[in-house]
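**Q** After the structure tokens below, expect a handful of questions from me.
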Amino acid sequence: MGVRDDLILGIEELGIKVPTAIQREAIPFLLAEGKDFIAQAQTGTGKTAAFGVPLLMRVDPKFRGIQALVVAPTRELAKQIGKQLFRFTKYAQEKIFVEVLTGGDHFDRQAAALQRPTQVVVATPGRLLDLLDRRVLSLASVKLLVLDEADEMLTLGFRKELAEICAITQGREATWLFSATIPDGVRKLISDYMSPQAHTVRIDQAHVVNRDIAHRFVVCRDKEKTDRVADFLKHQGDEKGVIFCRTKAGATALSAELAERGFPVDVLQGDLMQLERDKVLRSFKKGRFQFLIATDVAARGIDVEGLAFVLHHQLPDQIDYYTHRSGRTGRAGRKGVSVAFIGHEEKPDITKLAKDLGLNFVEMR
């Protein structure tokens, strides 16, 4: 597809051997044309490489200024993107410097880091504008703007910030927008700040979910769920996994119940301060506890190697959340399992998921 050999070395070391559907659609166009680009694709489709590889190839390592800006909705996702870009360039012939700017991190440390040569910035909208207001960085040389998970940014209330960022970078050569859905707010963003001739691709949902993941479901009454989850966890040996709940209260309550039964668990939910969230994720990655309980928004951008399973204590409200949850397991060629605990009345929801995503669900007794 025209990707440089030195980048391919870094990509293959991450276990990425065959391009996903969005990578096959995006990379050749973005390398050859590089113009405005709109991709409707769910989380878990390989979007970071789809925009990250062409972005790295379009940056001039000899120029010290910020040439590419990636804006993401959450701190976790921004940090994950930054880490992936760094890994892609492990064997790069010329060093490309990537800086991640998010709230919750030390402001002065970020300001100091920006004094070094920085070709690529990955940022959340609020922290980026804070740094701009304090005049510690300039976006005057940005030629490429990437908006990742644009619908999620609007859901989180960043409409005004995105408009401001688009206005500040109006000298850019191209905007690449990635979004799971294209609601009216995203359509307005596209019409206001992108070319009417923007190249558009849509990856349908049946091509989204990783085929290395086995999908299961358990039918039980609400009051039996914790017992059934506990029974599943007892049989996991040393394997790590994530348990998803729909609400903060539900995640906190389940964490307390499982901890009381002696399971090594902790919880990641939206009320935690950023330092606390970082601490929980670090502890999980280091194996200080085995099972992480999380809400959907808090878990955006979770990237933990070697997760054997994902459990859905409740099914999510949106189909793309199921894709995002399940995509935490079955990575880098490993097998994974995704298990939903549902009530009898939710069986039609499983049937719909199977049809919409092209999956085969097997009931566990």
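**Q** Past 24 Å, Cα to Cα: identify those pairs from Lys234/Lys335; Lys223/Lys285; Lys225/Lys285; Lys79/Lys234; Lys160/Lys248, in the order given. Spell out each step's value before the answer.
**A** Numbers: Lys234/Lys335 20 Å; Lys223/Lys285 31 Å; Lys225/Lys285 26 Å; Lys79/Lys234 33 Å; Lys160/Lys248 27 Å.
Over 24 Å Cα-Cα: Lys223/Lys285; Lys225/Lys285; Lys79/Lys234; Lys160/Lys248.
**Q** Which one, Gln110, Pro28, Ile182, projects farthest toward the positive side of the charge dipole computed for region 5-203 from Cβ point charges (K/R +1, D/E -1)?
**A** The Cα lying farthest towards the positive end belongs to Gln110.
**Q** What value in Å³ per residue do you get for the convex hull of the alpha-carbon atoms in region 207-363?
**A** Working: hull volume 16.8 nm³, N = 157.
Here the figure is 107 Å³ per residue.
**Q** Taking 7 Å along the Cα-to-C-beta vector as the label spot, tell me the Phe86-Arg246 distance in nanometres, rounded to one decimal.
**A** Reported label-point gap for Phe86 and Arg246 is 3.8 nm.
**Q** Using the basic label-point model (7 angstrom from Cα toward the beta carbon), what is the Arg58 to Asp5 distance in nanometres?
**A** Distance between the two pseudo-spin positions: 2.6 nm.
**Q** Separate question: Note the full-extension length gain between Thr200 and Lys160 as 0.36 nm times their separation in residues minus their Cα-Cα distance, in nm to one decimal.
**A** On the way: separation 40, 0.36 × 40 = 14.40 nm, distance 2.42 nm.
Gain on extension, Thr200 to Lys160, equals 12.0 nm.
**Q** Still on this structure, please answer the following. Please compute the contact order of the chain in relative form: average sequence separation of alpha-carbon pairs under 8 Å and at least six residues apart, divided by the residue count, as a percent. Numbers along the way, then the final one.
**A** Values: 665 pairs, mean separation 72.5, N = 365.
Reported relative contact order: 20 percent.
**Q** Hey, another quick one. Grab the DSSP H runs of the chain that are 4 residues or longer, score each as -39,500 (n - 2.57), total them, divide by all residues and round the 222 nm result to the nearest 500 deg cm²/dmol.
**A** On the way: 14 runs with 143 residues, N = 365.
My calculation for the chain gives -11500 deg cm²/dmol from helical runs alone.
**Q** Binning every alpha carbon pair distance of region 5-203 at 10 Å from zero, what are the percents per bin?
**A** In whole percents, the pair-distance histogram is 9, 39, 39, 13, 0.
**Q** Right, another one. Just the ratio, please: alpha-carbon radius of gyration of region 113-265 over 2.2 N^0.38 Å, N its number of residues.
**A** On the way: Rg = 22.1 Å, N = 153, 2.2 N^0.38 = 14.9 Å.
Expressed relative to 2.2 N^0.38 Å, the Cα Rg reads 1.48.
**Q** Further question on the same structure: Scattering from the C-alpha atoms of the chain alone, worked out with Debye: what is log10 I(q)/I(0) at q = 0.06 1/Å?
**A** Taking Cα atoms of the chain as identical point scatterers yields -0.23.
**Q** What length, rounded to one decimal in nm, is gained on full extension from Lys352 through to Ala32, with 0.36 nm per residue of separation minus their alpha-carbon distance?
**A** Working: separation 320, 0.36 × 320 = 115.20 nm, distance 3.87 nm.
Once the chain is fully extended between Lys352 and Ala32, it gains 111.3 nm.
Taken together, the values in this text are just the output of simple stated rules run on the coordinates, not laboratory data. What you see is a predicted model; the values in this text were computed from it and never measured. So basically every Cβ, Gly included, is an ideal-geometry build from the backbone, and we count neighbours across all protein chains shown.
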